[in-house]
Amino acid sequence: MPQYKKEITSWKSGGGKTVTFIVTKDCQLACKYCYLVGKNSKERMPWEIAKQAIDYILSRENEFKEESVIWDFIGGEPFLEIELIDRICDYIKVEMFSHNHHWFNSYRFSFSTNGINYHEDKVQRFIEKNRKHLSVGITIDGTEIKHDLNRIYKISGKGSYQDVAHNIPLWLKQFPEAATKVTISSADIPYIKESVLHLYSLGIHEVNINCVFEDVCGKRGMIFYSKTN
Ligand code: SF4
């Protein structure tokens, strides 16, 4: 009979194993600095592939000796595939428990999301179900002007700030310590200070800033690409 283990928190200090699922190449947005070219709704992770990966990893406990594990979900936008993710997470939990795996109760499900569909019922049901084992980061890039410089909808070209900002209070209520990630390209530099102050005013107290890091020379000089979700 599997024993209930005290929760181990080495995942917090980077001491855990990270397993990343790229669940889709689709996204609602077309951020100007996104390196994910060729977004589409056809390239999605099939359930069988996810299951094979989980079976492979969990059956090799001696090869994966880290004390804890982070099951990380990225895209595209991972929450577009919330049904698949829910199925994957349920399977992981059942398999870890039934094999009395040393990662049971030493795991996190981690998400980096653009926050657009965060409020939807199916996403919220998943969050409630897994709340104690979740890390969710929503990307909001600063003030509305700064955010909408880059983070625009794929179809309409409209800025996404209002739709993301709408979900920030719910997110912070559920994850008060949550952090966001601001991405800076050359066009954004004048907005850095006011953007950080703005995010603090929204109640986000951990603001990580990274410059877009993949450089490609474009016609107008240096263009930088990154993916933040
Ligand atoms: S950076 Fe993230 S949210 Fe923006 S287009 Fe790329 S995948 Fe979508």
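Bear in mind that the values in this text are calculations on the coordinates, not laboratory data. The structure displayed is predicted, hence computed values, not measured ones. In this analysis, Cβ positions are derived from the backbone assuming ideal geometry, glycine residues included, and neighbour counts consider all displayed protein chains.
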Within the set S160, S112, S201, GNM on the chain using Cα springs under 10 Å gives the largest fluctuation to S201
If you build a Gaussian network model of the chain, linking Cα atoms that sit under 10 Å apart, which residue out of W47, W171, W71 swings the most?
-> W47
What the Cα atoms of region 60-104 span along the principal axes, largest first and in whole Å, is 33, 19, 13
At 7 Å along the Cα-to-beta-carbon direction for both E63 and F97, put a label point, then send me their distance in nm to one decimal.
-> 2.7 nm
Dipole-positive endmost among W103, C89, P46 within the chain (Cβ charges, Cα centre) | P46
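Could you tell me what a quarter of the Cα convex hull surface of the chain works out to, in nm² with one decimal place?
On the way: hull surface 54.4 nm².
The directionally averaged projection comes out at 13.6 nm².
Find the Rg to Rh ratio for region 153-208, where Rh is the Kirkwood radius over alpha-carbon pairs and Rg uses the same atoms.
Values: Rg = 12.5 Å, Rh = 12.6 Å.
Using only Cα positions, Rg/Rh for region 153-208 is 1.00.
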Listed residues L29, L172, L80; largest mean-square fluctuation, Gaussian network over the chain with Cα springs below 10 Å, found at L172
Region 34-45 - phi-based ³J(HN,Hα) in whole Hz, Karplus 6.51/-1.76/1.60, Gly and Pro as x | 6, 7, 7, 8, x, 4, 6, 8, 8, 8, 10, 6
For the chain, what is the relative contact order in percent, using Cα pairs closer than 8 Å and at least 6 residues apart in sequence?
-> 22 percent
